[in-house]
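Here the structure is laid out as structure tokens; the discussion comes afterwards.
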Amino acid sequence: MILVTGGAGYIGSHTVRELRSRGADVVVYDNLVTGHIEAVGDAPFVKGDIFDKDLLVKTFQDYNVDSVVHFAAYSLVGESMTNPAKYYRNNVAGTLSLLDAMLEAGVKYLVFSSSAATYGDTGDGLITEDSPQRPTSVYGQTKLMMEQLMSDYDKAYGMKYVALRYFNAAGAHISGEIGEDHHPESHLIPIILQAALGLRSHIGIFGDDYPTRDGTCIRDYIHITDLADAHIRALDYLKSGGKSTYYNLGNGNGFSVKEVIETARRVTGIDIPAKVEGRRAGDPATLVASSEKIKRELGWDPQFDTLEEIVASAWKWHSSHPHGFAK
Ligand code: UFG
């Protein structure tokens with residue numbers, strides 16, 4: 001049995017779907033502060049906080065859990081800069097509580113949702129796992145510290161983990177039944193599509209004076225189902241005796257903010273209004289992944305490898321659920 005913390009959130013719920021569609025037994029553990037119960041579907045669910053070590057240990061025992069996929073975290077870069085304590089407390093101290101509960105219950109395998117934010121500003125080239133990790137945000141710093149905790153628990157107690165460093169998670173399940181629903185929404189693709197639906201007057205482009213081909217920031221967008229698949233491969237790897245490691249997850253292609261808007265205009269057929277605004281603090285100009293390591297070692301092969309497909313899947317969700325999971 002696999003316990004998924006944060007399994008009611010965006011990336012967690014898509015991974016739960018994928019695990020269950022492949023026959024795995026899953027229990028979702030989420031405090032529903034940012035997650036949505038509707039996203040859990042009919043998977044077994046325990047409402048709980050990662051700080052509640054006793055409830056975690058009990059859940060591990062009740063469900064005979066042998067592995068954990070850990071998504072539960074706060075993830076707004078901007079908020080992490082103005083309220084660092086919230087991020088250190090929840091993400092770092094919360095993970096410590098989870099690791100201690102795993103130790104107590106004898107759960108040995110952990111797949112962890114890390115982030116490109118652990119690298120910070122690295123320049124133009126493809127980012128490999130050996131690129132220096134110098135986070136520019138508190139959020140990125142907490143993810144790096146969480147990786148460090150896991151590494152130390154492996155050395156001390158033999159707990160095995162895989163840290164997956166995602167670039168820009170995007171898109172929605174092909175069914176259109178679950179998708180991205182953050183309050184407030186801060187991510188580019190959902191905001192563009194909300195503008196397409198008339199829920200916002202326009203999409204604001206955060207800066208067009210970056211050193212990139214059209215002056216707007218370049219990111220590597222990776223489909224949520226391809227991310228989910230990587231978690232499943234990482235779990236299988238650990239359970240077959242693999243040693244602790246970390247992988248980047250991206251498509252290896254960068255798209256500028258303007259290119260994403262153009263793609264969304266083509267996909268939706270709507271002339272989405274856009275306006276150039278000032279830069280957003282902490283945005284690196286370019287973040288593009290090399291994912292050669294996970295392709296080579298775990299055979300991961302992203303299926304949604306065009307931005308059109310990724311945006312089209314997001315459009316299917318947003319156009320059928322303009323207000324997200326809210327009725
Ligand atoms: N952007 C806009 N207008 C908007 C929203 C975003 O121009 O209204 C731009 C941003 O400035 C950025 C790009 O679109 O250049 C992508 O922004 P997102 O907020 O969608 O994603 P980020 O690249 O900031 O964030 C991603 C992950 C985070 C992670 C972060 C680390 O989604 O979880 O990378 O760098 F923390």
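Taken together, the values in this text are just the output of simple stated rules run on the coordinates, not laboratory data. Because the structure is a prediction, the values reported are computed rather than measured. Cβ: placed from backbone, ideal geometry, glycine included. Neighbour counts: every protein chain shown.
If you take the alpha carbon radius of gyration of the chain and divide it by 2.2 N^0.38 Å, what ratio comes out, to two decimals? Let's see the in-between values first.
Details: Rg = 18.9 Å, N = 327, 2.2 N^0.38 = 19.9 Å.
With N residues counted in the chain, Rg over 2.2 N^0.38 Å equals 0.95.
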In a shell of Cβ-Cβ distance under 9 Å around Asn251, excluding Asn251 itself, what net charge do Lys and Arg (+1) and Asp and Glu (-1) give? -3
Expressed in nm to one decimal, what extension gain is obtained for the pair Arg200 and Asp25 from 0.36 nm per residue of sequence separation less their Cα-Cα distance? 59.0 nm
If Lys and Arg each add +1 and Asp and Glu each add -1, what is the summed charge of the other residues whose beta carbon sits under 15 Å from the beta carbon of Ser291? -3
Note, ³J(HN,Hα) from phi for segment 50-58, Karplus 6.51, -1.76, 1.60, rounded to Hz, x at Gly and Pro: 5, 6, 7, 4, 5, 5, 4, 4, 4
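Suppose a student asked you for the relative contact order of segment 13-76, using Cα pairs under 8 Å spaced at least 6 residues apart; what percent would you report?
Result for segment 13-76 is 26 percent.
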Quick one: P(r) of segment 246-303 from all Cα-Cα pairs, 10 Å bins, percents rounded to integers, in order of increasing distance. 18, 33, 31, 16, 2
With θ set to phi - 60° and the Karplus curve 6.51 cos²θ - 1.76 cosθ + 1.60, what are the ³J(HN,Hα) couplings of segment 212-217 in order, to the nearest whole Hz, using x for Gly and Pro? 10, 4, 10, x, 9, 5
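What does the net charge come to around Ile2 if you take all other residues with beta carbon closer than 9 Å to its beta carbon, with K and R at +1 and D and E at -1?
Working: positive: none; negative: Asp25, Asp66.
So the surrounding residues net to -2.
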Inter-part distance where segment 133-191 and segment 77-92 are each reduced to a Cα centre, Å: 14 Å
Can I get the semi-axes of segment 198-327's equivalent ellipsoid? Compute them from the C-alpha gyration tensor as square roots of 5 times the eigenvalues, in angstrom, largest first. 31, 20, 13
So how long is each side of segment 1-83 along the principal axes, counting just the alpha-carbon atoms, biggest first, in Å? 41, 29, 19
If you project the alpha carbons of segment 108-180 onto their three principal axes, what span does each projection cover, largest first, in Å? 44, 34, 22
Excluding residues on the same chain fewer than 8 positions from Lys53, give the lysines whose Cα lies under 30 Å from its Cα. Lys86, Lys108, Lys143, Lys155, Lys160, Lys239, Lys243
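Looking at segment 72-212, I'd like the Rg to Rh ratio, where Rg is from alpha-carbon atoms and Rh is Kirkwood's inverse mean 1/r.
Values: Rg = 17.6 Å, Rh = 17.3 Å.
In segment 72-212, Rg relative to Rh is 1.02.
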Rounded to the nearest 5, what % of DSSP beta bridges with both residues in the chain are antiparallel? 5 percent
